[in-house]
Amino acid sequence: MTPLMTRQDLLARLSPASGAWLDGAVADAEQRTAEWEVGFAAAGRACGPEHADAVRVLLLTAARTDPATLTRLYQQGSAAERRAVLLALPYLGLAPGDGTPLIQDALRANDTRLVAAAVGPYATAHLDPHAWRHAVLKCLFTGVPVSAVHGLDSRARGDAELARMLADYAAERAAAGRDIPVDLHRALALTAEEQQI
């Protein structure tokens with residue numbers, strides 16, 4: 001399920017009771033009432049864990065969440081709420097860099113769900129080359145598939161520094177008698193491809 005869904009798409013998937021709850025939660029978010037953040041936290045219970053990401057992203061976009069509120073929701077939230085904040089970043093119209101501290105925090109975690117959410121479109125658009133390369137390595141360290149890295153094919157292409165970092169990591173693993181992840185070979189192959197002009 002895509003993290004950004006319309007209310008109508010979500011309503012088609014929810015029970016009548018959950019749909020009624022969603023209508024009220026979206027109205028609260030649009031009006032930025034005090035209750036909308038409670039709805040953000042309660043999304044998993046109200047609509048089911050399988051819909052929680054999409055519901056929370058919808059609420060964040062409906063509330064036109066500002067960077068300070070977003071940061072607070074992330075810092076005070078559960079892992080599921082933090083994941084939703086990360087997934088919502090590309091859809092919130094933030095100024096460049098407003099969400100990068102959240103991405104950087106998630107990449108310091110060992111929660112693979114947060115790491116996978118952190119390497120989405122916002123990271124590709126806003127992380128500097130050094131931070132982005134380390135995000136790719138973080139995926140390899142934690143076992144997050146590099147396919148989760150949005151734009152990997154284009155951003156890794158011809159990146160000699162990423163190639164060096166990947167080769168060093170592969171050498172370290174080989175020296176320690178550990179398997180080299182298949183994803184490492186995939187990412188390394190991408191760095192060997194020429195940049196398209």
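Would a scan of segment 65-74 turn up a residue that is assigned to a helix (DSSP H, G or I), of a type in the set (Phe, Trp, Tyr) and within 26 Å of ILE103 (Cα to Cα)? Walk me through how you get there before you give the answer.
Here is the first cut: in segment 65-74, the residues assigned to a helix (DSSP H, G or I) are 67-74.
Keeping just the survivors that are of a type in the set (Phe, Trp, Tyr) gives 74.
Pick out the ones that are also within 26 Å of ILE103 (Cα to Cα) and you get 74.
Scanning segment 65-74 turns up at least one residue that is assigned to a helix (DSSP H, G or I), of a type in the set (Phe, Trp, Tyr) and within 26 Å of ILE103 (Cα to Cα).
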Practice item. Note down all Cβ pairs under 9 Å where the first residue falls in segment 23-40 and is over 13 Å from THR61 (Cβ atoms) and in contact (Cβ under 8 Å) with a residue 12 or more places away in the chain, the second is of a type in the set (Phe, Trp, Tyr) and in a helix (DSSP H, G or I), and they're at least six residues apart or on different chains. Key: GLY39/TRP21
Check your understanding: Could you list, in sequence order, the residues of segment 28-67 that are open to solvent by 70 Å² or more (accessible area, probe 1.4 Å) and not basic (Lys, Arg)?
Key -> GLU30, GLN31, ALA34, GLU35, VAL38, PRO49, GLU50
Practice item. Given the conditions (1) surrounded by 20 or more Cβ atoms within 10 Å (Cβ to Cβ); (2) within 15 Å of the chain's Cα centre (by Cα), report the number of the one that ALA80 does not fulfil. Key: (1)
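The values are calculated or read from the model by the stated rules, or taken from the named source; none is laboratory data. Note that the structure is a prediction, hence the values are computed from the model and not measured. Cβ sites come from the backbone with ideal geometry, for glycine too, and all protein chains shown count toward neighbours. Remember, those area values only see protein heavy atoms, side chains included, never the ligands or the DNA or RNA. Shrake-Rupley method; radii C 1.70, N 1.55, O 1.52, S 1.80 Å.
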